[in-house]
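The numbers here are math on the coordinates, done by the rules we state, and not lab data. In this text the structure is predicted, and so the values were computed from the model without any measurement. Don't worry about glycine lacking a Cβ; one is built from the backbone with ideal geometry, like all the others, and counts go over all protein chains shown.
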Amino acid sequence: MTFVIVSLIKIALVFAVFMTTLAYLQWVERKVLAHIQSRTGPLRVGPHGLMQPLADVLKLLTKEDLLPPYVNRFFYLLAPFIAVSLALITIAVIPFGPHINVFGISTDMQISDINVGVLFPLAIAAVSVYGIALAGWSSNNKYSLLGGLRSSAQMISYELPLTLAIVAPLLLVNHLSFRAIADGQAGYYLGFIPRWAIFQMPFPQIFGFLIFLISAFAETNRIPFDLPEAENELVAGFHTEYSSMKFASFFMAEYANIVNITCVGTVLFLGAWQPLFPAPYSNWVPPLVFLAAGILCFFHGLNPARKNDQITFPIFGVAFLALAALFAIPPLQFILAPLFWFAAKVGLLILVFIWIRGTLPRFRYDQLMHFAWTFLFPCALVNLLLTALLVALFPGNP
Amino acid sequence: MDTVLFVICAIVAIVCAFNLVLQKHPISSALSLIGVMSSLAVLYLLLGAEFMAMAQMIVYGGAVMVLFIFVIMLLNAGTEKNSNKSWFAQIAGLPLLLAFVAVVAFLIRSAVPGLKNVSFGSWWGGTAQNVGRLLFTTYLLPFEIISILILIAILGAVVLAQKEID
Amino acid sequence: MILNLWLIPLFPLLGFVVNGLLGKRLPKGAVTGIALGSVAASLAYVAYVFSQLWPLTGAHTEHYFTWINSGFLNVGFDLTVDRLSAVMLAIVTGVGFLIHIYATGYMADDAGYYRFFSYFNLFMFFMLVLVLASNLLVLFVGWEGVGLCSYLLVGYYFTEDFATNAANKAFIVNRIGDFGFSLGMFLTVFLFRTLDFGKIAATVSTMPLEAGIGVLTLICLLLFVGATGKSAQFPLYVWLPDAMAGPTPVSALIHAATMVTAGVYMVARVSFLFSHAPRAMEVVAVIGLFTAVFAATIGMAQNDIKKVFAYSTVSQLGYMFLGLGVGAYSAGIFHVMTHAFFKALLFLGAGSVIHGLSGEQDLRHMGGLRKAMPITCWTLFVASLAISGVPGFSGFFSKDEILAAAYTHAPWMFWVGAITAGITAFYVFRAWFLAFFGTYRGHHHAHESPLAMTAPLMILAFLSAIGGFINVPQWLTPLYSSAEHGNISVMVISATIGLIGIAIALFLYVIRPALAETAKNAAGPLYTLVENKYYVDEIYQGVVVAPLEGISRFLLWRGVDEGLLDSLLVNGIGRFIRKLGGLLRQLQSGSIRNYATWVLAGSLLVIFFIGLFGGVR
Amino acid sequence: MPHPHVPLSWYLILSAILFTLGAAGFLYRKSVITVFMSIELMLNAVNLSFIAFSYQLQKVDGHIYSFFVMVVAAAEAAVGLAIILTIFKNRGTLQIDEIDSLKL
């Protein structure tokens, strides 16, 4: 019975965090993009536009939900549902932290750990094509259809390098369950080089990671691979005909996919929650970071750029200091530190996503395919073969 | 718990299969087929074939059916027209089918002895390790042959699809 | 020690494959290179093998794979080298190589150059297999193979009627012989349960000498029938003269030096059988002797230079069989070798003459060529001396061996043989004189042949001059109890008779050419009889071919085939099937769904019955 | 918590039903693509029975077989769809009853 309850609690927690993340991810993206383009980004709603996501959600909810007469209704309604639900499922197998004991209940920081965990996101990704494809087809509109076709073709093409890139680290840790993989990357070479997959002997997975990242962009239809919704070519691609909440769900699905894939990448390549350097010191990193953040906030509060900064920044500062204090409490560290590291890595990857979006132009369609099949796929293959060879040569991998 | 899951999945599968047969539009058939496959994947899990379940989703649910959907969209295949050809199939089909399922069901019930009872988690044989080990030892030759076969199939598909019609 | 004997025949085979497949595209030089190279390679390899096996007292056998393994019969693909096959190997590769060189000159401006040489190489391959074979079946493979090549090469000018007819004749006549050969093999299997020479020999040695006519004799006779076919002995010799339709190198290589001696070789190979069947030996000797005389007499009256030599070949082969028959196997093989030298030389010379006269073969249109083509002339002279058994030349020794053996066996055989020697000398020199002396009676411009042709001539001339001093009989002593060595009287007599023959020829065709005519007329009907080869072909035509044709045409073809098989069986079945198909055709609606329904019904039935008979358990 | 058991025969019968439905699709559908999908359905049904039996025998071999079936099905789908494309290009129809030139 406890199992069920604990699971429910965990699900609730994860869901809440996940949703807020999704909501604020968009805010973060807009902010970062703005700063890349030396703008200020959303600033009106709430301090530093912090209330922007809420406003957006309200807007989308309250917009007229129109249903074009010429669409194939059933599929038209089904598509966004498929997209968003599949996007939200994947998080269930992601481990955020080690095995813990709280109040005598021992459990994983993970909703469920299945033996073939790694295959799960792949399976979901394989099916989640239908969301977009159906959306494109059912809206009965040539732009949407093109978008749908493009996206399904693109996803199929980029699933191969993605999968091959994922397989390589599996060879190193020799297990399919996410938790086992994360544990397999614990420890350090020479006491300071972490044994994450990208550093792990006998064949560090740096190339594998790069291939994974690139295919991840494609899988999530991000720039430079966002052809399915290339505005200037096909209006908005597969979701041209969608409005209000249905549009929002596509939107959410996209961000959810980003989070999922970055989480997977973190677990597979960046050693999940394993800290950058050994435990006793690494536990003091979060407090220091938050301390620094707090101090920075106070500094900005003291010499404000705008009028209301002198109120908001100190508040942030206090919040950060509180966080620092929280992380400084030893009994909590063993729970919070892993979460911090995990979040840090994921956040970093997401920043990379945004950064790329702010930097690169879009591919042309033939270039996209050409790149996938004639460059990325062979690279992934070679990487895999090399890994396999070296693992075979040095079985007891040091 | 098991029974509930099984019944749900079985019903979903059968309903989807019926839908496949009854729907007039290829896309709906394809979707229902995907439904069948997904529920089958769950059933595989119940039978302790976790790897197969995932493979089912990836290969069938992913690759194969996406191909189908893709082709349907590409050809923009509409709903099918009725044709009164092949009357024989129309007439003799249904009784034959019924007889078939009846006979098979009867055989399973009566003739197949000592069937186990399935309880979830009582046997985890189908882990990736086991399957892989067997695949690369006992069944290595078939495996290689199959891989060559699929390579040839890919080439054939490319050739066929590229061929210009004159 | 493994010497990979299979390499010896392999090279020519490769040559054949390359030339046969790509020859058309390859430049002529390349074709020549491949053809000669392959033969040269096997020649070199043969030399290497000898150097390894020297002094080759025993037999060196190599087993490569089991070809047939059924019941008690186990035939392996084995090759063997002993002193006998060594001699043959040397002849085949050596003389073969020379003739290849010659052919490059002779066939120089022929359209089917590559075709010719691919056939030639193929022939070499089969001949080498035949020689190396260590059991009857492998030998038979080579045997049939060379037959095939002979067919191909005789019919080389396949656009000409006479060539194709000759080819067919050669092939068919050989079939008769091979029929006997196969029967012999069957009997051998039946009797010895093996085809391996070694095993048979072992078994035979334990058997008693067969006084009457028993299985052994039968086997020997049947095998000998094969030999008569291949080696053109009476009554199956008829194909050889016609086989001259092929290019002259072919006549030299196949129909003088190598293939036709296959029969002799085969008999020598299975000598252990023959020596246990005296009756068979008797038959061999008589047939050989008869053929020798018979062919020699025909040879006297031929005007086609190649025909003359063809008949001389037949009679020389007769000599060899005489040798074998009287138990002087080594002498027979000895004669095979010397004959290979001088007869090849004769043919090549003839070829050179023909080449020089651009295709003229009739002796009556030659003459006085001594000036025009000196090398050909004098090399031919050497050959003629050799064949006429003039003391010191190769032919003398071998023939003497045979005659001596014949004398000890039965004096009358010796006398007949000696007379034949005289006749031989006469017609060979007749041909030579007619060709090179007197005045030129033709109208072509005669010219000497290129070096590619004359060089082999000279080499062969040298060989046929000194070839006699290679003491083959002694070399073969480990295999055959050495034949008794010639007593002086025999030598003297045969030599003198030979010289007399030469003298007559000289008298009739150089000193008093007119006399030849008068002699011819004096002979009258006899001459015409001889000139027409005793009408043997016509007799065969009448006695064998025509009735056979009649039976096949009217009884078998019209009656059985058309009447019974075609109308009743073939068409009847066809009609029945069509009727049946007409019924089933209704099912072929072309509608896949119907087919599927049928499949479903069938599977249902199957499952039903499985269930009915509890097949599930 | 306690697991009430499910008899394996249910799985088999389910697979039988699915197979029959696949056959029905083959017999009664008129679009080539759908017929092809029915074939896939039949294959799936067979896979299910394979895996059920391998549970019965507690051996993994059944999984291997169904794995092979899957791969072959994938190959078949690739080629088959290519063929369907070609048919459509050549005849401009996907009606299975109009593709009946293979008869006398």
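Each listed q (0.27 Å⁻¹) maps to a log10 I(q)/I(0) for the stretch C:9-84, found by the Debye formula over equal Cα scatterers with no solvent: -1.13. When the charge dipole of the stretch D:61-104 is built from unit charges on Cβ atoms (+1 for Lys and Arg, -1 for Asp and Glu) and taken about the Cα centre, the candidate among D:S101, D:G62, D:A75 whose Cα reaches farthest toward its positive end is D:S101.
How large is the dipole of chain C about the Cα centre if only Lys and Arg carry +1 and Asp and Glu carry -1, each at its Cβ, rounded to the nearest 20 debye? Intermediate results must be reported in sequence, preceding the final value.
Values: 32 positive and 28 negative charges, 247 e Å.
Roughly 1180 debye, rounded to the nearest 20.
The charge dipole of the protein assembly as shown, taken about its Cα centre with unit charges on the Cβ of Lys, Arg, Asp and Glu (plus for the first two, minus for the last two), comes to roughly 1700 debye.
Show me the three semi-axes of the equivalent ellipsoid for the protein assembly as shown, from the C-alpha gyration tensor (sqrt of 5 times each eigenvalue), largest first, rounded to whole Å. Could the numbers behind the result be given before it?
Values: eigenvalues 1869, 272, 189 Å².
Largest first, the protein assembly as shown gives 97, 37, 31 Å.
Using only alpha-carbon positions in the stretch D:8-95, the gyration tensor eigenvalues give semi-axes of 30, 16, 4 Å once each is multiplied by 5 and square-rooted (largest first).
Shown in residue order for the stretch C:316-325 are the 3J(HN,Hα) couplings computed by the Karplus curve 6.51 cos²θ - 1.76 cosθ + 1.60 at θ = phi - 60°: 4, 4, x, 3, 4, 5, 3, x, 4, x Hz (x for Gly and Pro).
What does the charge add up to near C:A252, with Lys and Arg as +1, Asp and Glu as -1, over the other residues with Cβ less than 15 Å from its Cβ? Every neighbour counted, the sum reads +3. Each Lys or Arg adds one and each Asp or Glu subtracts one; over the other residues with Cβ under 15 Å from the Cβ of B:A41, this totals -2. Note the angle between two axes, namely the Cα long axis of helix D:61-91 and the longest principal axis of the Cα atoms of chain D, as a number of degrees from 0 to 90, rounded to the nearest 10. Helix D:61-91 and the main axis of chain D meet at about 10 degrees.
Among residues other than C:A516 with Cβ under 12 Å from its Cβ, the summed charge is +3 (Lys and Arg +1, Asp and Glu -1). Give me the lysines in straight-line cross-link reach of A:K63: C-alpha distance below 22 Å, same-chain residues under 8 apart excluded. Cross-link targets: A:K246.
Using a 10 Å cut-off around each Cβ, can you sort A:W196, B:W124 from fewest to most neighbouring Cβ atoms?
Details: A:W196 26, B:W124 11.
Listing A:W196, B:W124 from fewest to most nearby Cβ atoms yields B:W124, A:W196.
Under the rule a/c < 1.5 gives rounded, and otherwise a/b versus b/c splits prolate from oblate, where does chain A land using the Cα gyration tensor? The shape class here is oblate. Normalising the average separation of contacting C-alpha pairs (under 8 angstrom, six or more residues apart) by the number of residues puts the relative contact order of the stretch C:257-392 at 26 percent. Projecting the Cα atoms of C:G155, B:A49, B:L31 onto the dipole axis of the protein assembly as shown, where Lys and Arg carry +1 and Asp and Glu carry -1 at the beta carbon, places B:L31 farthest toward the positive end. I need the shape label for the stretch A:1-115. Rule: rounded when a/c is under 1.5, else prolate if a/b > b/c, else oblate, with a, b, c from the alpha carbon gyration tensor. Oblate is the answer for the stretch A:1-115, as a/c is 1.5 or above yet b/c matches or exceeds a/b. Checking the cross-link pairs C:K307/C:K520; C:K199/C:K399; C:K579/D:K30; C:K28/C:K343 against a 26 Å limit on the alpha carbon distance flags C:K199/C:K399; C:K579/D:K30; C:K28/C:K343 as lying beyond it.
For peptide B:41-47, the mean count of partner chain Cβ atoms within 10 Å of a residue's Cβ comes to 5.
Taking trypsin sites (Lys or Arg not before Pro) in DSSP loop conformation with at most 13 other Cβ atoms inside 10 Å as exposed sites, chain A has its longest uninterrupted site-free stretch at A:64-305.
Which whole-number percent gives the relative contact order of the stretch C:330-527, counting Cα pairs below 8 Å spaced six or more residues apart? Provide the component values of the computation, followed by the final result.
On the way: 300 pairs, mean separation 68.7, N = 198.
Dividing the mean separation by the residue count of the stretch C:330-527 yields 35 percent.
Taking the Cα centre of the stretch D:8-95 as origin and charging only Cβ (+1 Lys, Arg; -1 Asp, Glu), how large is the dipole, in debye to the nearest 20? Intermediate values should be presented prior to the final figure.
Numbers: 5 positive and 3 negative charges, 67 e Å.
It works out to roughly 320 debye.
Candidates C:A86, C:P456, C:W6 compared by Cα position along the dipole of the protein assembly as shown: farthest toward the positive end lies C:W6, with charges placed on Cβ. Near C:W67, the amide H atoms lying under 5 Å from its own belong to C:V75, C:G76, C:F77; only residues 5 or more places off or on other chains count, and H is placed 1.01 Å from N. What separates the Cα centres of the stretch A:174-211 and the stretch C:360-409 is a distance of 94 Å.
Spatial offset of the stretch A:125-141 relative to the stretch D:55-104 amounts to 23 Å, using the alpha carbon center of each. A cut-off of 5 Å between modelled amide H atoms, ignoring neighbours fewer than 5 places along the same chain, links B:V118 with D:V6, D:L8.
Just how far, in whole angstrom, is the stretch A:85-115 from the stretch C:64-94 if you go by their alpha carbon centroids? Taking the Cα centre of the stretch A:85-115 as reference, the centre of the stretch C:64-94 is 79 Å away.
Arrange the peptides C:300-308, A:255-263 so that the one whose residues have, on average, the most other Cβ atoms within 10 Å appears first.
Working: C:300-308: 21.4, A:255-263: 24.3.
Packing proxy ranking, top to bottom: A:255-263, C:300-308.
State whether the stretch C:330-527 is rounded, prolate or oblate according to the following rule on the C-alpha gyration tensor (a ≥ b ≥ c being the square roots of its eigenvalues): a/c under 1.5 gives rounded; otherwise a/b larger than b/c gives prolate, and the remaining case gives oblate. It is oblate, given that a/c is not under 1.5 and a/b is not larger than b/c.
How do C:S275, C:S70 line up, fewest other C-beta atoms within 10 Å first?
On the way: C:S275 17, C:S70 7.
With the sparsest Cβ surroundings first, the list reads C:S70, C:S275.
The mean number of partner chain beta-carbon atoms within 10 angstrom of a residue's beta-carbon across peptide A:128-135 is 3.
For C:H355, C:H445, C:H339, what's the fewest-to-most ordering of other Cβ within 10 Å of each Cβ? Intermediate values should be presented prior to the final figure.
Working: C:H355 24, C:H445 9, C:H339 31.
Ranking C:H355, C:H445, C:H339 by Cβ neighbours within 10 Å, fewest first, gives C:H445, C:H355, C:H339.
The sum of -39500 (n - 2.57) across all DSSP H runs of n ≥ 4, divided by the residue count of the protein assembly as shown, sets its helix-only mean residue ellipticity at 222 nm to -22500 deg cm²/dmol.
The ellipsoid that matches the Cα gyration tensor of the stretch C:113-183 has semi-axes, each √(5λ) in whole angstrom, of 23, 17, 5, with the longest given first. Per-residue 3J(HN,Hα) values for the stretch C:101-115, derived from phi via the Karplus relation 6.51 cos²θ - 1.76 cosθ + 1.60 with θ = phi - 60°, read 4, 3, 4, 4, x, 5, 8, 2, 10, 10, 5, x, 3, 5, 4 Hz in sequence order (x marks Gly and Pro).
Counting only other chain Cβ atoms within 10 Å of each residue's Cβ, the peptide B:137-146 averages 2. In straight-distance terms, cross-link reach from D:K59 covers every one of the lysines whose alpha-carbon lies under 20 Å from its own, apart from those fewer than eight places away in the same chain; here that gives B:K116.
A:K31: which lysines have alpha carbons under 23 Å from its alpha carbon, excluding same-chain residues fewer than 8 sequence positions away? Reachable lysines: A:K59, A:K307, A:K345. When chymotrypsin sites (Phe, Trp or Tyr not before Pro) are flagged only if DSSP places them in a loop and at most 10 other Cβ atoms lie within 10 Å, the longest unflagged stretch of chain C comes out as C:73-612.
Compared with the dominant Cα axis of chain D, that is its longest principal axis, helix D:8-28 is turned about 10°.
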